[in-house]
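I have placed the structure first, in the form of structure tokens, so that the comments after it can refer back to it.
The values are calculated or read from the model by the stated rules, or taken from the named source; none is laboratory data. Every value quoted in this text rests on a predicted model; they were computed, and no experiment measured them. Cβ sites come from the backbone with ideal geometry, for glycine too, and all protein chains shown count toward neighbours. Quick note on the areas: whole protein, heavy atoms, side chains included, nothing else; ligands and nucleic acids left out. Shrake-Rupley method; radii C 1.70, N 1.55, O 1.52, S 1.80 Å.
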Amino acid sequence: MADKPSRPARGSRRMLKLAGMTASLAGRYAGNKLASAVRSEEQRKAARARLNQQAGDHLADTLGELKGAVMKLGQFASQVSDLLPEDIANALTRLQQQAPPMDFELIREQLESGLGAPLDELFAALDQQPHAAASIGQVHRGRLHDGREVVVKVQYPGIAASCDADLRQLKRALRMGRLVQVDKNVLDAMFSEIRERLHEELDYCKEADNLREFQHYFADEARLRLPQLIASHCSREVLTMEYLPGTPLREAPKDQRATLGRTLVDVMCRSLFEHHAIHADPNPGNFAVDADGHLLIYDFGCVKHLPKETVETYRTLITAALACDWATVDSALGALGARVPGSAPLPDDFYAGWRPIVLKPLLAENGFDFAQSRIHKAVMAKSPEVLKLTRQLQPPSQTVFVDRMINGHYWTLVNLGAVVDLRAAIAPWIGLQDQ
């Protein structure tokens, strides 16, 4: 029989687990480096791949057990290119799956403490089995005394207090294990940005504000439904919303998929270019379709607000790339932080080689069939070019959540199998004139 779910490790126990993982990873990679001295190039590559796979499994097991900021960061790392080796990123994708649940008595404690009343006074009914379990909390279905069906998101105890220490220890593990392939200052900047978003995500009052904000933004969008907030049953650690039943997008009826895909793209474009605030957690579990074909968005814990100048730079980057204006592309990437300061401009043929890959959906004249997309494979095949340019290119910390949104929604559209006229969807936002 499986062990009863328990409280996530806290304090010194968390530190010991993370420190043990750090020492193990560092030792393995140091040993591999010594052994590589007597191996052929082919043997070195094979050994490194095996080691990366083992390291990825170790990371995923440890971060999944600890939950909290480190598990959230592992989920994030699996979605962002150029941060971790492919084998490690692939192993971390299993952190996107539902986490093991916590014991309901701990959830009861959090609810009663956060809302200041006994459970039976707060809810007429509350399922003890979680509807979903994730990195920093889990969701339970329930019913209020007035008959409304709700979902209640409850934060795991001790997660917020451990956030900063977790991130420091994980960054140390990545450096000592030589798992990251970016400059120290770039990694520090990325962790700083991630830390800021995590602290916001750990504050469910902030998530409530985000939900209200997006309800205001999209009050006129008939294709979209967002849950209503139950403000009387919310606190920093508890968030209660109306229950909106839905089907995962990957299971949507075929005759709804094109409309759902276009709706998702329209919401993404409008969020970025009009409101300068994006839903930055593209986990598939955060999106669904209801019986009437509405796109549902459930979770607003991770919302990134962008400066106007950053949005304008994105607009410039897209139009310049479509026009093959490589000098402007290079300048825009510099403004976004993707170019190493002071380094020489990249040659035109570098950008020209990437254009038909990353802009393929925008270049398609009659819509792009994401079900047939092989963009990810083309990017993977061409990525070694980027790794050779570390003196000129770097991961941009200021736009890391925009990149996460774009990458995540690409996979959503692939899994949805949608045909979307991306050029028509984005044209009004970037002033694109049909040729």
note = Interchain or sequence-distant (5+) residues whose placed amide H lies within less than 5 Å of the amide H of residue 132 are 139
ask   = From the backbone phi of segment 279-284, what are the Karplus-calculated ³J(HN,Hα) couplings (6.51 cos²θ - 1.76 cosθ + 1.60, θ = phi - 60°) in whole Hz, Gly and Pro given as x?
value = 6, 9, 10, x, 4, x
inquiry  = Testing the spin-label approximation: label points 7 Å from Cα along Cα→Cβ at residue 323 and residue 274. State their distance in nm.
reply    = 2.5
remark   = Diffing segment 344-355: the Karplus 3J(HN,Hα) column from phi (6.51, -1.76, 1.60, θ = phi - 60°), in whole Hz with x for Gly and Pro, holds 5, x, 6, x, 4, 5, 5, 5, 4, x, 7, 3
remark   = segment 163-273: relative contact order from alpha carbon pairs under 8 Å, six or more residues apart, as a whole percent, is 19
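Please work out how much length the chain gains when fully extended from residue 340 to residue 305, using 0.36 nm per residue of separation minus the C-alpha to C-alpha distance, in nm with one decimal.
Full extension from residue 340 to residue 305 adds 10.2 nm.
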remark   = Using alpha carbon centers only, segment 250-302 is separated from segment 150-175 by a whole-angstrom value of 27
query = Under a point spin-label approximation (7 Å from Cα along Cα-to-Cβ), what is the residue 45-residue 129 distance to one decimal in nm?
reply = 4.8
1.4 Å probe accessible area per residue over segment 144-299, in Å² = 42
message = Are there any GluC sites (Glu not before Pro) in segment 303-402 that are in a DSSP loop and have at most 15 other Cβ atoms within 10 Å? List them by number.
response = 365
message = Per 0.36 nm of contour for each residue apart, how much would the distance between residue 221 and residue 165 grow if the chain were fully extended, relative to their Cα-Cα spacing?
response = 16.0 nm
note = Loop-resident chymotrypsin sites (Phe, Trp or Tyr not before Pro) in segment 366-408 with no more than 10 other Cβ atoms inside 10 Å, DSSP not H/G/I/E/B, are none
message = Could you tell me the relative contact order of segment 104-167? Use alpha-carbon pairs under 8 Å, at least six residues apart, and round to a whole percent.
response = 27
note = Taking a crude spin-label model, label points 7 Å out from Cα along the C-beta direction, the residue 120 to residue 172 distance in nm is 4.8
note = The percentage of the accessible area of segment 178-337 (probe 1.4 Å, all protein chains present) made up of carbon and sulfur atoms, to the nearest whole number, is 49
remark   = Scoring segment 280-376 by relative contact order with C-alpha pairs under 8 Å, at least six apart, yields a percentage of 16
message = At 0.36 nm per residue, and after removing the present C-alpha to C-alpha distance, how many nm does the segment from residue 359 to residue 196 gain when stretched out fully?
response = 55.6 nm
query = For segment 230-384, what log10 I(q)/I(0) values come out of the Debye formula at q = 0.11, 0.13 1/Å, with one point per alpha carbon and no solvent?
reply = -0.62, -0.83
task = Output ³J(HN,Hα) for segment 267-274: one whole-Hz value per residue in order, computed from phi by the Karplus curve 6.51 cos²θ - 1.76 cosθ + 1.60 with θ = phi - 60°, and x for Gly and Pro.
result = 5, 4, 5, 5, 4, 6, 7, 9
